[in-house]
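The values are calculated or read from the model by the stated rules, or taken from the named source; none is laboratory data. All values reported here derive from a predicted model rather than from experimental measurement. Note: ideal-geometry Cβ built from the backbone for every residue, glycine included; neighbour counts use all protein chains shown.
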Amino acid sequence: MRLSAGRREFLKYAAVSVGTGVLAAAGCTQERTQPSARRKLRAAGGAGLLKACQYRMLPRELTDAEKFALARKCGFEGIELNRPIEDLVAAKETGALARQAGVPIHGIVNGWGGPLSDPKPENVAKGIASMESSLRCARAVGADAVLLVPAVVNEEVGYAEAWERSQKNVRTLVPLAKEMRVVIAVENVWNKFLLSPLEFARYVDEFNSRWVRAYIDVGNMIQFGFAQDWLRTVGKRIVRIHLKDFQRKENQFTKTLLEGDVNWPQVRRALDEIGYRGYLTPELGSGDEAYLTDLVQRIDKIIAMKTP
């Protein structure tokens with residue numbers, strides 16, 4: 001059977017993508033880990049995996065100092081903010097509190113407010129402003145990554161348009177990311193965009209920048225794929241990982257980890273294969289000390305899984 005030029009190019013890219021992902025993973029994850037985290041990684045030994053939680057998962061009634069102290073008591077080693085702190089003085093204070101508690105802020109989740117694929121300039125401007133705020137906040141709190149959902153495909157925005165338009169707008173943010181020394185971490189979500197790990201890898205590669213990398217959520221592709229496949233294919237491009245579990249039969253996310261269809265032993269093996277060293281951050285609901293402690297224990301079980 002003769003292969004079309006497009007098919008040949010696809011297969012060639014697939015082979016290169018997977019191969020380079022495995023070979024260069026360690027350098028790309030460790031290089032961008034903040035100093036305090038690097039010390040923890042060395043202390044962690046062979047696994048080099050750190051447990052973090054999102055800020056919104058901590059009890060709302062507590063002060064920031066109390067939240068961070070509770071996170072450390074439960075066994076977490078880092079915090080991810082769910083939105084930027086506009087006041088940079090307050091951001092620096094929050095970052096200092098987190099470090100003092102032993103749970104440095106490692107990243108920020110940028111909102112969906114203005115997709116960079118939107119055809120309306122005013123919506124794109126909103127998205128760019130939000131990312132600029134997130135990048136500056138990340139520098140202030142001591143984080144080195146900002147999660148970005150770059151595009152949304154819908155009735156008004158086609159796939160090719162989303163690809164081209166979002167890349168064009170993300171490129172305008174790269175100089176600021178470089179100045180702040182903060183990575184723009186593109187995540188896979190339910191936005192009908194970047195639906196395969198090969199596309200995801202190619203999308204990141206086309207920026208040809210160390211400041212645009214990948215953020216993988218191991219639960220988000222279970223409806224149509226396999227987490228371990230995404231990890232192995234995206235490989236060296238990954239700077240952060242979200243943890244969630246998903247039940248295919250019920251077509252829904254689970255309330256905690258180890259209760260769905262994510263193949264955790266294979267995920268753990270894939271993390272070793274690509275040389276990932278860094279934070280594992282569950283993206284789940286909030287809860288009390290007992291809930292958070294149980295969650296840490298579940299992550300510990302995942303980290304401890306044998307990889308043949």
Task: Within the range 202-224, tally of residues that are of a type in the set (Lys, Arg) and surrounded by fewer than 20 Cβ atoms within 10 Å (Cβ to Cβ) - done: 2
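Would you check if there is a residue in the range 192-199 being surrounded by 23 or more Cβ atoms within 10 Å (Cβ to Cβ) and in contact with a strand residue (DSSP E or B) (Cβ under 7 Å, 6 or more places away or on another chain)? It would help to see each step written out before you state the result.
Taking the range 192-199 first, the residues surrounded by 23 or more Cβ atoms within 10 Å (Cβ to Cβ) are 193-194, 197.
Those left that are additionally in contact with a strand residue (DSSP E or B) (Cβ under 7 Å, 6 or more places away or on another chain): none.
No, every residue in the range 192-199 fails to be surrounded by 23 or more Cβ atoms within 10 Å (Cβ to Cβ) and in contact with a strand residue (DSSP E or B) (Cβ under 7 Å, 6 or more places away or on another chain).
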- [ ] Kindly state which strands (runs of 3 or more DSSP E) lie completely within the range 41-128 and contain at least 1 residues that are among the basic types (Lys, Arg) and under 23 Å from residue 278 (Cβ atoms).
- [x] 49-54
TODO: Select from the range 258-308 the residues that are aromatic (Phe, Trp, Tyr) and free of Cβ contacts under 8 Å to residues at least 60 places away in the same chain and list them in ascending order.
DONE: 264, 291
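Pick from the range 270-286 the residues that are assigned to a loop (DSSP other than H, G, I, E, B) and at negative phi: which of them is farthest from the chain's Cα centre (by Cα)?
The extreme case among them is 286.
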Task: Candidates 105, 79, filtered to the one that is surrounded by 15 or more Cβ atoms within 10 Å (Cβ to Cβ), of a type in the set (A, V, I, L, M, F, W, C), touching a Pro at 6+ places or on another chain (Cβ under 8 Å) and closer than 28 Å to residue 188 by Cβ - done: 79
Open item on the list: Return the residues of the range 172-197 that are farther than 19 Å from residue 139 by Cα and assigned to a helix (DSSP H, G or I); say none if nothing qualifies.
Closed with: 197
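For the range 154-163, indicate whether the set of residues that are farther than 21 Å from residue 192 by Cβ, buried (at least 21 other Cβ atoms within 10 Å of the Cβ) and not hydroxyl-bearing (Ser, Thr, Tyr) is non-empty.
no
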Open item on the list: Tell me yes or no: at least one residue of the range 244-252 is assigned to a helix (DSSP H, G or I), touching a residue at least 12 places away in the same chain (Cβ under 8 Å) and not hydroxyl-bearing (Ser, Thr, Tyr).
Closed with: no
- [ ] Would you be able to say whether some residue in the range 225-237 is surrounded by fewer than 22 Cβ atoms within 10 Å (Cβ to Cβ), of a type in the set (Phe, Trp, Tyr), at pLDDT 95 or above and outside any loop (DSSP other than H, G, I, E, B)?
- [x] no
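For the range 240-251, which positions are closer than 22 Å to residue 54 by Cβ and more than 20 Å from the chain's Cα centre (by Cα)?
Of the residues in the range 240-251, the ones closer than 22 Å to residue 54 by Cβ are 240-247.
Selection gives 247 alone.
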TODO: Could you identify the single residue in 271, 243, 292 that is in contact with a strand residue (DSSP E or B) (Cβ under 9 Å, 6 or more places away or on another chain) and farther than 26 Å from residue 60 by Cβ?
DONE: 271
Task: One residue from 267, 262 being outside any strand (DSSP E or B), farther than 22 Å from residue 82 by Cα, among the hydrophobic types (A, V, I, L, M, F, W, C) and touching a Gly at 6+ places or on another chain (Cβ under 9 Å) - done: 262
